[in-house]
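> One structure follows; several queries about it will come next.
Just so it is clear, none of the values below were taken in a lab; they were calculated from the coordinates. What you see is a predicted model; the values in this text were computed from it and never measured. With ideal geometry, Cβ positions are generated from the backbone for all residues, glycine too; neighbour counts draw on all protein chains shown.
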Amino acid sequence: MRRSQLAWLLTLLIVLAGVRAQALAQAIQVRTGESLVIENEFITIIVNGRAEDTGRFSVNTTGGDPARAGDEQKPLVYGTERAPGPWTSYTTVRIDGRDYIFGGPTGKRAGRTGLYGEMVTAPYVHEDREIRAAWRMEDVVVTQILGFAAGITTGQLDTARIEYVVTNEGNRARNVGLRIMLDTMLGANDGAPFQVSGEGLLTDMAFRGDAIPDYFQAFDSLANPQVVSQGTLRALDTTVPDAVYFSNWGSLADGPWDFDFAPGRDFTRAGEEFVLDSAVALYWDPRPLEPGESRRYITYYGLGGITIAPGHLSLGVTSPQRLEGSYTDPVMFEIRAYVENTGEWIARDTVVRLENLAPLQLVQGQASVALGDLAPRQSRQVVWRVAAPPGSSGDFVYRVSVTSSNADPNRVDRQVTVVAPASLSATMGGIEQLRVDGGRWQPVPFVVTAQVTNSGQLEAQAVEAEIRMPIGLAVAKGDSTLRRLGNVGPGETVTVEWHLIPTGAVGNLPVSLQLRADAARIDPRLPTHFVSVPRLDAALRIAVVDQDGGIRHTFTVGDLFHVELQAHSVRELYGAAFELHFDPSVLQVLGGRLGVGPGRAFVKNDPVTGAEQLLNWVRPVHVDNRTGVVRIVASRAPEGPLEWVSDSLATIRFRAVGPGQARLRFMMVPDNPFLSPDAQRAYIADSSGNAVDVMTEDTVITVRVGEP
């Protein structure tokens, strides 16, 4: 397999990739000690390495959002690397109804009532880019993997990727579920509202199933937000939770799985007064986990991207920064607008509009939404569902505007980039004509190639190329029709080759190509390569003989006849192994395997008496009248090969049982016992186990209904 591109493009990509890799390596810093830390210019991920609360984590900003001042060095998930380290957020693994807390034991409130397992792998930094740890809970091993990812609304590495891999190492199925509880915090604000699907949540709320949003955000003030955080639930490679609960931290800290949930209650921390403390819990319901099976749970939490225009009517707009396009389906995404009256008087007749959308399409919501009157400090949200049409790609800028009858208008322009999906095309090449040399085809085997190119902007995953040869060609011994190319990057070309052999048919024979891949468009005009195979003197043919000894190919239902499978001008014939295929709805072998007899090539005549002696005719002959297959296996042992022969190999008696046309054709078998282990597949073998080249000729028999 060869991977190639235009030289200048390859050089450019290598240079860019090297620069990016070097920048990324410089950007990620690592610290170890009582807390393990990985950080970049946007956020830091901290994992507790102490004996208590081992493995619990937090997320803070470092430089935060480059477009926003004031969000540097702020917590997103509570906890610092200083003692006691992260402890307020924790993950629960429910195994057959028992609730285990991931990591080391705690003496504090959060998760104290849960069960604890045994440490398999202490927290460590993996390849300077992730922090990993593993615990065993009964016979279930859970691995926690924390690293950086690009936020869907920012496009920057300002988001923590949170992954758990759960493996059943026992010998019986377990019911396993997972809960991740995050003690969210926005700088100094521990009780900021969650912004979810058009609502600003200040009280207990739950979402299940289809009601779970693509993401949720949190910020304290639209006019001057200190920090904007975001949890991503339905993008990238997330495992969409079965339920999401927003509540106060105290209730979630006290209940490892079930907890005190009261819709409509504010986020005052349970057990305390006047302290707002919000948290979120993601639930994946218990499902059977079979012995040896692994399951992944993935979610994201980090900074959120909002384009904000301050004013009397402050306006913030968020949507994915980048979308993966599709050639076949519309790509759905959400545009969310936040409006806050930051003035000192009521904003009358407030209207929000979504504008300049084309070619994107509005699929849910009204382009113009009347909010009515907004009191000072009052805020509202508007959510639209929008689709990028199939085949669309590029940068699209839309506008959200807000107007009022007594306040200055405001507007935000925001860009969304739709990336062209992977698009695969191919060309084929290789030898176009075989030659005949010494009564054999040359070269054998021969090579056919395919060049598969991804002209899209995204990687094509799990790419497979497979060739199809309907007649006369097969893959050489040890080869396969299937090639697994793996992932093919944007602009990349992968070259693959196959080794083929002729199987008897002659003429201009086709080799077609099929491509398969995940999330990629495949060009419907895939090529077909043709190989010209010339005629040989040596051939296998079929003679159809009626009961009177005449040659004919048309019969009536009920007629009896036989066919002779004949070798013509074949040199060095020693052994033969092949199948004859026919249509069992039209023809049946008379008497089953008793209807098949040896040809004269496998009979020895005594030169004195003329008596016939059957040579190595392998019995029982395989006959299957259900599928229409007769298998012939015979050799001239203990005699030697025939230097040159034109005679019969076998005789088969048939009955015409139904009207129609039945094609009789020779087929190779993969296990010719007379060929040496390193020989290519063939119908005929010489006495040394080498393949003897022959061409094959099929025949067609027509059966009609007789006169009434």
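> Return the FRET efficiency for the residue pair V419, A211: r is the Cβ-Cβ distance, R0 is 25 Å, and the value is rounded to the nearest 0.05.
0.30
> Tilt of helix 7-27 relative to the longest C-alpha principal axis of the chain, in degrees (0 to 90, nearest 10)?
The answer is roughly 40 degrees.
> Also, I was wondering about something else. Please compute one quarter of the surface area of the Cα convex hull for the chain and express it in square nanometres.
Its Cα hull, projected and averaged over all orientations, spans 44.9 nm².
> Evaluate the distance, in nm, between pseudo-label points positioned 7 Å from the Cα of A358 and of R322 along their respective Cα→Cβ axes.
That separation, rounded to one decimal, is 2.9 nm.
> To continue, here is another question. Taking the Cα centroid of the range 116-179 and of the range 564-627, what is the distance between the two, rounded to the nearest whole Å?
Rounded to whole Å, the Cα centres lie 65 Å apart.
> Then there's this: Please list, or write none, the lysines whose alpha carbon is within less than 29 Å of the alpha carbon of K108, excluding same-chain residues fewer than 8 places away.
The qualifying lysines are K74.
> Expressed as a whole number of Å, what is the distance separating the alpha-carbon centroids of the range 312-386 and the range 258-300?
29 Å
> State the antiparallel share, in %, of DSSP beta bridges confined to the chain, rounding to the nearest 5.
95 percent
> Between beta-carbons, use under 15 Å as the cut-off and find the net charge around S646, counting Lys and Arg +1, Asp and Glu -1.
-3
> Along the Cα→Cβ direction, 7 angstrom out, place labels at A122 and R663. What is the inter-label distance in nm?
7.1 nm
> Can I ask one more? Taking every DSSP beta bridge that has both residues in the range 84-303, what percent is antiparallel when rounded to the nearest 5?
DSSP beta bridges in the range 84-303 are roughly 95 percent antiparallel.
> Which of I46, I471, I652, I28 comes first, and how do the rest follow, when ranked by fewest Cβ neighbours within 10 Å?
So the residues, fewest neighbours to most, are I471, I28, I652, I46.
> So for L614, L500, fewest C-beta neighbours within 10 Å to most, what's the order?
The fewest-first ordering by Cβ neighbours comes to L614, L500.
> Along the charge dipole of the chain, which of F102, T154, I522 sits closest to the positive end, that is, farthest toward it, with unit charges on the beta carbon of Lys, Arg, Asp and Glu (+1, +1, -1, -1)?
Positive-end residue among those listed: I522.
> Whole-Hz ³J(HN,Hα) for each residue in the range 634-641, computed from phi via Karplus 6.51 cos²θ - 1.76 cosθ + 1.60 with θ = phi - 60°, x for glycine and proline: what do you get?
7, 9, 8, 4, x, 6, x, x
> Hey, which aspartates and glutamates would be in cross-link range of K477, C-alpha to C-alpha under 12 Å, not counting anything within fewer than 8 residues on its own chain?
Within reach: D671, D678.
> Another question about this same structure. Could you give the size of the charge dipole of the chain about its Cα centre, using +1 on the Cβ of each K and R and -1 on the Cβ of each D and E, expressed in debye and rounded to the nearest 20?
1120 debye
> Sticking with this one: Where in the range 439-529 are there trypsin sites (Lys or Arg not before Pro) that are in a DSSP coil and have at most 15 other Cβ atoms within 10 angstrom of their Cβ?
Passing sites in the range 439-529 are R525.
> Using a Förster distance of 25 angstrom, determine the FRET efficiency expected from the C-beta separation of R82 and D254, and round it to 0.05.
In this case the efficiency is close to 0.50.
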